[in-house]
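Below is one structure; the comments refer to it alone.
The values are calculated or read from the model by the stated rules, or taken from the named source; none is laboratory data. No experiment lies behind these values; they were computed from the predicted model shown. Cβ placement follows ideal geometry from the backbone for every residue including glycine, while neighbour counts extend to all protein chains displayed. Accessible surface areas use protein heavy atoms only, side chains included; no ligands, DNA or RNA. Shrake-Rupley method; radii C 1.70, N 1.55, O 1.52, S 1.80 Å.
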Number of protein chains: 2
Amino acid sequence: MNVEPPEVPKRRPGGRSARVRKAVLDAALTSLLTDGFERVSVAAIAAEAGVAESTVYRRWATKSSLVAAAIGELAASENPTPNTGSLEQDLRVVLNQILAVIGRPEIERLVRALAALGDDVPGIAEARAEFFATRVAGMRDILDRAVARGEIREGADAVEVLETLVAPAYLRLLMTGLPLDRALARRAVRAARDVAGQDPARVP
Amino acid sequence: MNVEPPEVPKRRPGGRSARVRKAVLDAALTSLLTDGFERVSVAAIAAEAGVAESTVYRRWATKSSLVAAAIGELAASENPTPNTGSLEQDLRVVLNQILAVIGRPEIERLVRALAALGDDVPGIAEARAEFFATRVAGMRDILDRAVARGEIREGADAVEVLETLVAPAYLRLLMTGLPLDRALARRAVRAARDVAGQDPARVP
């Protein structure tokens, strides 16, 4: 048997590259949660992660792209997209994940800090988009699986479903101070389920 | 004809009392928009309004109740509750009013400042509640009139309808950075209309 030797990979998954990435993003997240968005320093993050500043900049060209990656990492690692076999139950799990996350004081501070920044802060648009991107991708998977199971028809908009599910909770947290209670969660899940689509068997 | 002389009112509407109230709330609002919630000073507001500090404190016992009244005044004066004769059109007008208000840079700053403050800031709960109270009362009127016209049945929850109408816009403004566009407005009006209730003629 003639086996070609594999090319030596420059970056093996789980190797030094992945370890560096994780160390830098962990340090960025800690700095973000402790110091806030505007006081995050790439130099301090590099020192905390035990790498050269140039190593950080080789992967993330700007501070804001690093911050965005750290926020995305937080969303992804703490909140695996559910796959319960039921669209409504998946939606309930996603909302409960989000309520649990924003119920942590250090995350609530980060959310408030993001909300406070005007669109003129450099990199803010990128950070905002990243904040939502992981969630939108997860919602797309949830909807695709619901279509495959025959629960809904194709065509639901993942952004619209996600906004319907989470917007009232953020409005209460950030603006009106109304409670993030079970009645709100029940209602938001129902509304998001309706936006995702009716049962195709019931709709002609 | 025997006409009793009216009792001399202590506070005539439009009299000195109303003028003082308006001057103080205007000054409070200006200070709020210029300096931000945490730097508002009752002494400076009283000076700006041309009244004694004790006059301000006689009406508003705390700085936060004054700030709350000023925010309520802004919401009320700039946004008379619409009465177009159609529930859907009323909802559209309310949303457009809110989009216009938060589209003004100085109001956007105030909204971001309110969102940024943690629940441990003295008076913040009162200010948040006041921020929403005028709108909820207006929505209650809109729904009552729709019931009276036979557009919907009784029982719609004004808070729920209002949250459905405005929450996605605040989520986009404060968190995700997605555009406050016409597609969003159309969708939010439709969703709020659905929450308000179906046409009673069509639902058995």
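Observations, loosely collected:
- Spherically averaged projected area of the protein assembly as shown from its Cα convex hull (nm²): 30.5
- Hypothetical label at B:R186: residues of segment A:148-182 whose amide nitrogen lies under 20 Å (7 Å Cα-Cβ projection): A:154-164
- For A:V20, solvent-accessible area (1.4 Å; no DNA, RNA or ligand), Å²: 10
- By accessible area with a 1.4 Å probe, ligands and nucleic acids excluded, highest first: order of A:S86, B:S64: A:S86, B:S64
- Shortest first, B:V121 label-point distances to identical copies amount to 1.4 nm, with the label point at 7 Å from Cα along Cα→Cβ.
- Rounded to the nearest whole Hz, the Karplus-based 3J(HN,Hα) values (6.51 cos²θ - 1.76 cosθ + 1.60, θ = phi - 60°) of segment B:156-170 follow the sequence 5, 9, 4, 5, 5, 5, 5, 4, 4, 5, 9, 4, x, 5, 5, with x at glycine and proline.
- Mean Cα-pair separation over length for segment A:34-143, i.e. relative contact order, pairs under 8 Å, 6 or more apart, %: 38
- For segment B:118-167, the direction-averaged projected area of the alpha-carbon convex hull comes to 3.9 nm².
- Residues listed by number, segment B:18-57, amide nitrogen under 18 Å from B:R104 label point at 7 Å toward C-beta: B:22-37
- Across the identical copies, the 7 Å label point of A:G36, projected outward along Cα→Cβ, sits 0.7 nm from its counterparts, in ascending order.
- The simple spin-label model puts a point 7 Å past each Cα toward its Cβ; for B:E88 and B:D194 those points are separated by 1.4 nm.
- Nearest 10 degrees, 0 to 90: helix A:182-196 Cα axis against chain A principal axis: 90
- Exposure ranking of B:D120, A:D157 by accessible area [1.4 Å probe, largest first]: B:D120, A:D157
- A:R59 accessible area, assembled protein chains, probe 1.4 Å, Å²: 80
- Normalised size of segment B:70-148, defined as Cα radius of gyration per 2.2 N^0.38 Å with N residues, equals 1.21.
- Expected 222 nm ellipticity per residue - DSSP helices of 4 or more, -39500 (n - 2.57), all of chain B, to 500: -21500 deg cm²/dmol
- Most fluctuating residue given options A:R145, A:R182, A:R193, as computed from a GNM of chain A linking Cα atoms under 10 Å: A:R182
- Between helix B:87-102 and chain B: long-axis angle, C-alpha atoms, 0 to 90°, nearest 10: 50
- Applying 1/(1 + (r/R0)^6) with r as the Cβ-Cβ distance of B:S77 and A:A44 and R0 = 41 angstrom yields a FRET efficiency of 0.30.
- If you take the alpha carbon atoms of segment A:17-104 and fit the smallest convex hull around them, that volume is 103 Å³ per residue.
- Rounded to 10°, Cα long-axis angle of helix A:16-35 versus longest principal axis of chain A: 70
- Shown are A:D35, B:D119, whose ranking by accessible area with a 1.4 Å probe and every protein chain present, most to least, is B:D119, A:D35.
- Each label was represented as a point 7 Å from its Cα along the Cα-to-Cβ direction; for A:T34 and B:R58 these points are 5.3 nm apart.
- Fraction in percent of alpha-carbon pairs per bin - 5 Å, chain A: 1, 7, 13, 16, 15, 13, 11, 10, 7, 4, 2, 1, 0, 0, 0
- Per-copy distances of the B:R16 label point, shortest first, in nm (7 angstrom along Cα→Cβ): 8.2
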